[in-house]
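Heads up, the thing below is written out as structure tokens.
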Amino acid sequence: GENVEQHPSTLSVQEGDSAVIKCTYSDSASNYFPWYKQELGKRPQLIIDIRSNVGEKKDQRIAVTLNKTAKHFSLHITETQPEDSAVYFCAASSKAGTALIFGKGTTLSVSS
Amino acid sequence: GAVVSQHPSWVICKSGTSVKIECRSLDFQATTMFWYRQFPKQSLMLMATSNEGSKATYEQGVEKDKFLINHASLTLSTLTVTSAHPEDSSFYICSAKKANTEAFFGQGTRLTVV
């Protein structure tokens with residue numbers, strides 16, 4: 001089955017800096033790669049996603065890149081703000097109807 | 001986006017009792033729902049895939065007789081934790097997917113077994 005590795009587990013940045021979180025996946029059949037932000041005790045919130053027919057996607061300060069050959073994808077947050085502080089999870093799924101498999105998460109701390 | 005509602009949001013039960021958690025898709029039909037468990041400061045671990053009208057598919061290491069899943073309709077899946085023990089205390093989250101789209105998560109259920 002699918003296995004998703006995520007790094008780093010913790011990341012501390014200064015406000016205004018960029019943050020990058022990286023994930024690798026094992027199943028070459030995976031074709032959907034979302035990123036979630038989770039605040040303590042709450043449900044994961046989708047922040048951006050990418051499908052395997054696209055190499056990069058951007059939404060304001062957030063971007064995701066995908067390298068299918070290397071089987072890795074990354075989340076880029078620019079101009080970080082304190083409210084970006086949360087736990088971020090990457091995930092992957094192989095086809096419609098199958099479950100998302102999550103990475104272990106990255107705790108991002110943005111200090112002002 | 002679509003709405004998935006989970007109930008209850010939190011529950012405290014005595015060791016040895018059973019607890020039922022409901023997951024409803026409020027504005028779409030979900031032929032498949034998923035149940036995850038999340039321990040403190042850990043990731044979401046897939047427990048099982050719930051298919052409407054058929055038996056759930058459990059992940060390796062998840063006891064199907066302890067975590068009973070029923071998906072009786074296209075909008076409702078239930079997870080029953082039977083004979084709960086303190087080690088079952090966790091955050092349980094369901095999700096549902098519309099065909100080939102993102103997954104929508106319930107708000108989660110904080111289970112505490114005392």
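Sites counted here are trypsin sites (Lys or Arg not before Pro) in a DSSP loop (not H, G, I, E or B) having no more than 11 other Cβ atoms within 10 Å; the longest part of chain B that contains none of them is B:42-114. Pairwise Cα distances in region B:1-69 exceed 14 Å for 68 percent of all pairs.
Averaged over the residues of peptide A:39-46, the number of Cβ atoms from other protein chains lying within 10 Å of each residue's Cβ is 5.
Pull up the DSSP beta bridges for the protein assembly as shown and report the antiparallel fraction as a percent, rounded to 5.
90 percent
Taking a Cβ cut-off of under 14 Å around A:Leu11, the surrounding Lys, Arg, Asp and Glu residues balance to a net charge of 0, with basic ones at +1 and acidic ones at -1.
Could you put A:Val54, B:Val4 in order, starting from the residue whose Cβ has the fewest other Cβ atoms within 10 Å?
The most exposed by this proxy come first: A:Val54, B:Val4.
So, counting K/R as plus one and D/E as minus one, what does the shell of residues with Cβ under 11 Å around B:Met45 add up to? That sum, taken over residues with Cβ under 11 Å, equals +1. The calculated Kirkwood hydrodynamic radius for the protein assembly as shown is 18.1 Å, given to one decimal from all distinct C-alpha pairs.
Fewest-first ordering of A:Glu56, B:Glu22 by other beta carbons within 10 Å of each residue's beta carbon gives A:Glu56, B:Glu22.
The order of B:Glu59, A:Glu83, going from fewest to most other C-beta atoms within 10 Å of their C-beta, is A:Glu83, B:Glu59.
Averaged over the residues of peptide B:34-46, the number of Cβ atoms from other protein chains lying within 10 Å of each residue's Cβ is 5. Magnitude of the charge dipole for region A:14-112, about its Cα centre and with charges confined to Cβ atoms of Lys, Arg (+1) and Asp, Glu (-1), is about 480 debye.
Each other residue within a Cβ distance under 14 Å of B:His71 adds +1 if Lys or Arg and -1 if Asp or Glu, for a net charge of +3.
Structure shown: which of A:Lys22/B:Lys64; A:Lys71/B:Lys66; B:Lys20/B:Lys98 lie over 31 Å apart, alpha-carbon to alpha-carbon?
Exceeds cut-off: A:Lys22/B:Lys64; A:Lys71/B:Lys66.
For the residues A:Thr98, A:Thr78, A:Thr65, a GNM of chain A with alpha-carbon springs under 10 Å puts the largest fluctuation on A:Thr98.
Charge dipole (Cα centre; +1 on Lys/Arg Cβ, -1 on Asp/Glu Cβ; no other charges) of the protein assembly as shown amounts to roughly 380 debye. Label region A:32-112 by shape, choosing from rounded, prolate and oblate, from the square roots a ≥ b ≥ c of the eigenvalues of the Cα gyration tensor; if a/c is under 1.5 it is rounded, and otherwise prolate applies when a/b is larger than b/c, oblate when it is not. Verdict is oblate for region A:32-112.
Explain nothing, just the number: dipole magnitude of region B:13-114 about its Cα centre with +1 on each Lys and Arg Cβ and -1 on each Asp and Glu Cβ, in debye rounded to the nearest 20. Could the numbers behind the result be given before it?
Details: 11 positive and 9 negative charges, 24 e Å.
With Lys and Arg at +1 and Asp and Glu at -1, about 120 debye.
Taking every residue in B:15-22 and counting other chain Cβ atoms within 10 Å of its Cβ, the average works out to 0.
Bear in mind that the values in this text are calculations on the coordinates, not laboratory data. All values reported here derive from a predicted model rather than from experimental measurement. Cβ atoms come from the backbone with ideal geometry, glycine included; neighbour counts cover every protein chain shown.
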